[in-house]
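Take a look at the structure set out below.
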Amino acid sequence: ESEGQIILFIDEIHTVVGAGKSDGAMDAGNLLKPMLARGELHCIGATTLDEYRKYIEKDAALERRFQQVFVDQPSAQDTISILRGLKERYEMHHGVRITDSALLAAAVLSDRYITERFLPDKAIDLVDESMAKLKMEITSKPNDLDAIDRKILQLEMEKLSLKNETSSGSDERRTAIDTSLENLKQRQQELEQQWTLERTGLDDVKALREKIDRTNREIEQAEQQYELNLAAELKFATLPKLQNELREKEEKLGTGERQLLRDEVTEDDIAKTVSSWTRIPVSKLLSSEREKLLRLDDELAQRVIGQGEAIRAVAEAV
């Protein structure tokens with residue numbers, strides 16, 4: 001019916017062979033064979049080598065219907081291209097941006113330090129978790145404001161405990177506490193206003209990005225349906241206007257002297273996530289190869305005792 005325009009993709013196809021099979025019953029694999037043989041069904045299946053040998057090879061008739069294609073793990077460079085392709089989708093999902101250097105760091109650091117998993121899965125998970133953490137930071141109270149709230153609570157409790165004290169030292173301390181509370185509450189009010197303003201700005205930016213994404217989909221749909229007037233209006237009038245609004249909002253967000261919130265994931269965020277997974281210090285993750293080589297003799301000296309001359313020779317050779 002689809003005239004070959006639809007291709008069925010079955011992930012973990014080995015689960016199809018023997019699925020629901022019992023004495024005298026047909027499994028899902030046997031249901032596929034006639035359609036595959038007649039060319040009525042175009043199918044791509046994904047499985048591992050071990051599962052293929054265990055399940056697919058045992059069913060020679062089903063194996064004959066498929067052509068084996070070995071897919072290796074992508075390289076770090078290929079993973080970077082994959083991450084760049086997924087970038088916009090993840091930005092829309094989390095409502096935060098990610099720099100290109102962060103994508104590079106995700107591919108390189110995951111390839112180097114997370115050895116028990118494979119690319120691009122581990123790099124994608126790194127990006128996803130880092131963006132989710134930043135999104136949570138935006139919705140949570142900023143650290144600066146939280147620290148002031150805690151300090152105010154601490155001083156108010158101390159002031160309450162001094163309420164019945166009559167010594168001169170207590171009077172001086174109460175006066176000092178009142179002064180500190182006045183300053184802290186003023187600073188608290190300023191930070192709350194700034195936090196509200198920045199959060200509103202980030203919400204506006206997110207809404208504009210969603211409008212731009214929706215407009216791009218409408219343009220694509222209009223072009224597919226040959227509604228050229230609508231496509232032209234969206235592409236050359238609506239879309240540029242939204243993009244200009246987004247640019248102005250983003251510039252306005254970045255003009256503050258010290259921002260409480262940020263909406264961009266950097267390579268430092270990626271390194272922190274890798275560190276939380278592997279327990280490797282962030283400073284070691286971010287140090288360059290040149291810096292590591294310059295410290296090679298010191299690092300070796302901590303592990304190899306009493307072989308200073310040999311260590312120097314090895315370090316110089318490397």
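The values are calculated or read from the model by the stated rules, or taken from the named source; none is laboratory data. Being a predicted model, the structure only gives us computed values, none of them experimental. Quick reminder, even Gly has a Cβ in these numbers, built from the backbone with ideal geometry, and neighbours come from all protein chains shown.
For this structure, a couple of remarks:
- Annotation note: Cβ proximity below 6 Å between a residue of the stretch 209-225 that is free of Cβ contacts under 8 Å to residues at least 40 places away in the same chain and a residue that is part of a helix (DSSP H, G or I) and among the basic types (K, R) (sequence gap 6+ or interchain) occurs for I219/K235.
- Within the stretch 191-231, considering residues that are among the acidic types (D, E) and more than 32 Å from the chain's Cα centre (by Cα), the one farthest from E91 (Cα to Cα): E227
- Checked against (1) more than 30 Å from L208 (Cα to Cα); (2) part of a helix (DSSP H, G or I); (3) in contact with an Asp or Glu (Cβ under 8 Å, 6 or more places away or on another chain), T79 passes all but condition (1).
- Residue ID - nearest to the chain's Cα centre (by Cα), chosen from residues in the stretch 135-157 that are over 30 Å from T266 (Cβ atoms) and surrounded by 15 or more Cβ atoms within 10 Å (Cβ to Cβ): I152
- Count of the stretch 73-85 residues, restricted to those that are more than 24 Å from L49 (Cα to Cα) and surrounded by 17 or more Cβ atoms within 10 Å (Cβ to Cβ), is 2.
- Residue check for S130: more than 30 Å from D204 (Cβ to Cβ), among the polar types (S, T, N, Q) and in a helix (DSSP H, G or I): no
- Subset of the stretch 17-55 that is at pLDDT below 80 and within 36 Å of the chain's Cα centre (by Cα) - its residue that is nearest to V71 (Cα to Cα): V17
Every residue, every condition in (1) of a type in the set (S, T, N, Q); (2) assigned by TED's automatic domain parsing to the domain that holds L103; (3) buried (at least 18 other Cβ atoms within 10 Å of the Cβ), yes or no:
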| site | (1), (2), (3) |
| --- | --- |
| R199 | no, no, no |
| E218 | no, no, no |
| Q221 | yes, no, no |
| N229 | yes, no, no |
| A232 | no, no, no |
| L239 | no, no, no |
| E245 | no, no, no |
| T266 | yes, yes, no |
| I270 | no, yes, yes |
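- Scanning the stretch 298-318 for residues that are assigned to a helix (DSSP H, G or I) and over 42 Å from the mean Cα position of the chain (by Cα) yields a total of 4.
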